[in-house]
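First up is the structure itself, then whatever we jot down about it.
The values are calculated or read from the model by the stated rules, or taken from the named source; none is laboratory data. Since the model is a prediction, treat every value here as computed from it, not as a measurement. We place every Cβ from the backbone using ideal geometry, glycine too, and count neighbours over all the protein chains shown. When the accessible area is computed, the model is the full protein with side chains, heavy atoms only, and any ligands, DNA or RNA have been set aside. Shrake-Rupley method; radii C 1.70, N 1.55, O 1.52, S 1.80 Å.
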Amino acid sequence: MSRLPFPAALLFTVASFSVSFNASAAEISQGAMLSNSCAACHGTDGKSPGAIPKLHGKSAEFIENALMEFRSGERDSTVMQRHATGYSDEEITLIADYFAGLN
Amino acid sequence: MMNHINRRQFIQLVGGGSVLASSIGLVACSKQSTTSGRVVIIGGGFGGATCAKYLQRFDPDLDITLVEPKQNFVTCPFSNLVLGGLREMDSISHSYEAHSKRGIKVLHTSAREIDPTGKKVQLADGTTLEYDRLVVSPGIDFRWEDIENMSPGDAEKLPHAWNGGPQTVTLRRQLTAMPDGGTVIIAPPANPFRCPPGPYERASMIASYLKQNKPKSKVLILDAKTKFSKQPLFMQGWEALYGDMIEWVSGDAGGRITGVDIAGRALYNELGEEHAGSVVNLIPPQKAGKIAHAADLVDDTGWCPVNQRTFESSRHPDIHVIGDASLAGAMPKSGFAANNHGKVCAAAIVSALHNTTMPEPSYVNTCYSLVGPDYGISVAAVYRYSDEEGIYAVKEAGGVSPGDVGPDFREQEARYTRGWYASITSDTWG
Ligand SMILES: Cc1cc2nc3c(=O)[nH]c(=O)nc-3n(C[C@H](O)[C@H](O)[C@H](O)COP(=O)(O)OP(=O)(O)OC[C@H]3O[C@@H](n4cnc5c(N)ncnc54)[C@H](O)[C@@H]3O)c2cc1C
């Protein structure tokens with residue numbers, strides 16, 4: 001990298017263009033990756049427009065609990081057990097935090 | 001301000017992180033300095049429309065262009081409900097207004113040619129688009145050559161209705177016009193093809209219509225395969241709802257169709273046996289959409305090999321192929337899968353353009369099918385990626401709906417089938 005020329009003035013010009021640069025766009029979290037696959041059923045950001053329950057607005061604790069219970073079979077479901085069994089404890093926490101973080 | 005920008009971000013800013021030296025030259029004169037890269041997407045179906053939306057969500061500074069000839073996309077999912085009289089065409093049509101509102105450029109024309117070295121796409125209207133990354137999600141094309149005497153021009157007589165749109169209407173019209181006591185023939189192709197449970201949901205929805213309106217009629221499925229998706233559940237449901245109205249003929253019992261007699265509205269098998277029907281729905285064998293062939297993105301299977309972690313083509317760098325056209329390991333060719341590819345691919349592209357680490361991909365699919373208006377079944381899976389296996393299904397997860405449940409469970413899944421349609425179409429086009 002240090003081989004490349006970086007005229008300071010140029011750097012400055014670029015910096016002033018960068019007002020629209022969104023630092024958060026640079027890194028996509030594991031939680032987002034896991035949670036985006038729920039959206040086909042639960043709606044984008046969990047805002048389901050139809051019969052499948054919304055996830056948006058629910059607490060991390062609620063989502064985490066529900067997923068754990070679907071996974072163990074303690075909570076009845078038509079399809080959620082078949083999905084929840086695909087995720088580890090850590091992944092469930094990441095997912096629950098991601099959805100709760102959208103509130 | 002300077003302090004908040006490290007060198008890596010600087011690189012992302014000017015050149016999408018690709019070729020630094022040439023990017024610096026662009027700073028003064030190119031609008032690249034305000035975008036983090038140019039992404040062109042060919043095809044606004046389940047794969048392409050989702051990818052465009054999620055690219056924009058991951059990185060609002062991207063310059064995104066979606067190329068799709070249709071003003072309104074008519075989904076294949078729920079087109080079987082239109083055939084059964086449960087839905088109108090309007091309710092399965094989706095516009096690109098939400099994409100435009102997000103700042104995605106939507107061009108209603110088609111891509112004619114891709115130049116993978118110059119990184120350009122030529123459009124049918126004469127425009128040329130340059131890209132840093134290209135996403136190709138063109139869906140399917142048909143292997144007409146595999147069926148004797150069949151050609152695309154026969155669609156009015158023998159609509160396949162395997163792309164949502166006008167042929168769905170033609171097929172519906174034929175069903176409403178047929179006499180009571182007639183036979184509807186459905187002939188599904190061998191694997192792999194778009195939507196493995198689709199032909200059997202179609203048989204179900206047609207039987208639902210016939211039972212109410214033309215109860216002396218029959219549905220005959222002449223299958224190239226010897227088994228099919230969710231077979232025990234479909235057969236259980238058919239018996240419960242339609243008695244013996246639906247008959248399925250396996251590929252090894254004369255079901256495999258090799259040719260058509262268009263004038264006689266008949267299909268014949270390898271033994272030369274003919275089956276004529278009042279309505280004949282031959283679903284031809286399939287391959288990746290035309291542009292994928294034209295752009296040398298296919299291998300000798302007729303589908304597009306990709307790195308299944310990023311969906312980048314194995315044949316041309318910086319071009320990603322998603323949806324039905326791609327070879328996506330254990331995932332079936334479904335709208336759900338294409339929607340999922342769109343998100344994983346968007347994450348891969350944004351991570352590459354920003355030189356950041358892509359999160360480990362996670363993929364999901366569920367195919368809901370309606371056996372009757374209030375009778376739903378499903379097959380689900382969660383997938384992960386490994387270098388050895390590509391996309392593989394997580395063993396502990398997934399599976400089909402249970403066999404030993406009562407009508408309440410089926411009714412609930414029918415409700416969720418409709419809920420799924422509302423969610424996935426808003427996730428894709430909303
Ligand atoms: C009867 C039926 C029922 C189905 N039911 C379900 C279901 O219940 N659930 C499910 O998950 N899946 C279902 N599917 C499958 C689903 O429709 C497909 O898997 C899905 O459409 C694949 O998405 P795609 O993006 O690959 O292709 P498509 O959605 O077909 O999109 C491709 C788009 O690319 C455009 N295009 C093609 N070439 C060009 C070009 N050169 N330039 C610009 N644009 C181009 C086309 O106009 C089209 O809009 C069903 C399919 C059928 C036939």
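Could you list the square roots of 5 times each eigenvalue of the Cα gyration tensor of region B:350-430, that is, the equivalent ellipsoid semi-axes, sorted largest first and rounded to whole Å?
Those come to 32, 18, 7 Å.
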Where a label projected 7 Å from the Cα of A:Ser72 along Cα→Cβ would reach, residues of region A:38-62 with amide N under 20 Å: A:59-62
If you stretched the chain out fully between B:Asp261 and B:Gln231, how much longer would it get, using 0.36 nm times the residue separation minus the C-alpha to C-alpha distance? 7.9 nm
Could you tell me what percent of the DSSP beta bridges with both partners in chain B are antiparallel, to the nearest 5? 55
Express in whole angstrom the spacing between the alpha-carbon centres of region B:138-203 and region B:55-99. 21
Span per principal axis, largest first, for the Cα atoms of region B:23-134 (Å): 60, 28, 18
Computed over region B:246-379, the distribution of all Cα-Cα distances in 5 Å bins, rounded to whole %, is 2, 9, 14, 14, 13, 13, 13, 10, 6, 4, 2, 1, 0
Show the residues, 5+ positions off or on another chain, whose built amide H is closer than 5 Å to the amide H of B:Asn269. B:Thr258
Rg and Dmax of the protein assembly as shown, Cα atoms, in Å? 24.4, 83
Long-range amide H partners of B:His316, meaning residues 5 or more apart or on another chain whose placed amide H is closer than 5 Å, are none
Run the 1.4 Å probe and let me know the accessible area of B:Glu274, rounded to the nearest 10 Å². 110
Within region A:68-103, whose backbone N sits under 11 Å from a point 7 Å along Cα→Cβ of A:Gln30? A:88-95
On the formula 1/(1 + (r/R0)^6), with r taken between the Cβ atoms of B:Lys120 and B:Asp244 and R0 of 56 Å, the FRET efficiency rounded to 0.05 is 0.45
From the phi angles alone, apply the Karplus equation (6.51, -1.76, 1.60; θ = phi - 60°) to region B:261-277 and give each ³J(HN,Hα) in whole Hz, x where the residue is Gly or Pro. 10, 4, 4, x, 6, 9, 10, 10, 9, 5, 8, x, 6, 9, 10, 9, x
How far apart, in nanometres, would the label points at B:Asn355 and A:Ala60 be if each is projected 7 angstrom from Cα along the Cα-to-Cβ direction? 3.2
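Report the extension gain between B:Glu388 and B:His108 in nm, rounded to one decimal, defined as 0.36 nm multiplied by the number of residues separating them, less their alpha carbon distance.
Taking B:Glu388 through B:His108 to full extension adds about 96.8 nm, to one decimal.
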Full-stretch length increase - B:Asp374, B:Glu130 - with 0.36 nm per residue and alpha-carbon distance subtracted: 83.0 nm
Relative contact order of chain B (C-alpha contacts under 8 Å, at least 6 apart) in percent is 18
Checked against a 23 Å limit on the C-alpha separation, the offending pairs among A:Lys54/B:Lys343; B:Lys227/B:Lys290; B:Lys105/B:Lys287 are B:Lys227/B:Lys290; B:Lys105/B:Lys287
Taking Cα atoms, how many degrees apart are the long axis of helix B:166-177 and the longest axis of chain B, rounded to 10 and kept between 0 and 90? 10
Using only the alpha-carbon atoms, how far is helix B:335-354 inclined from the longest principal axis of chain B? Give it as 0 to 90 degrees, nearest 10. 10
For a distance above 17 Å, tell me the whole-number percent of Cα pairs in region B:246-286 that qualify. 27
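Rg over Rh of region B:147-285, using C-alpha atoms and the Kirkwood radius, what does it come to?
Working: Rg = 13.8 Å, Rh = 14.9 Å.
That ratio equals 0.93.
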Euclidean distance between Cα centres, region A:83-103 to region B:294-311, Å: 32
Relative to the first principal axis of the alpha-carbon coordinates of chain B, what is the inclination of helix B:407-429, with its axis defined by its Cα atoms, in degrees from 0 to 90 and to the nearest 10? 40
Across peptide B:357-363, how many C-beta atoms of other chains are within 10 Å of each residue C-beta, on average? 5
Could you state how much accessible area B:Ser217 has, in square angstrom rounded to the nearest 10, with a 1.4 Å probe and all protein chains kept in place? 10
Per residue of region A:79-96, in order, report the coupling 6.51 cos²θ - 1.76 cosθ + 1.60 (Karplus, θ = phi - 60°) as ³J(HN,Hα) in whole Hz, putting x for Gly and Pro. 10, 5, 5, 5, 8, 4, 5, x, 10, 7, 3, 5, 5, 4, 5, 4, 5, 4
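Volume per residue, Å³, of the convex hull around the alpha-carbon atoms of chain B?
Values: hull volume 66.4 nm³, N = 430.
Dividing the Cα hull volume of chain B by its residues yields 155 Å³.
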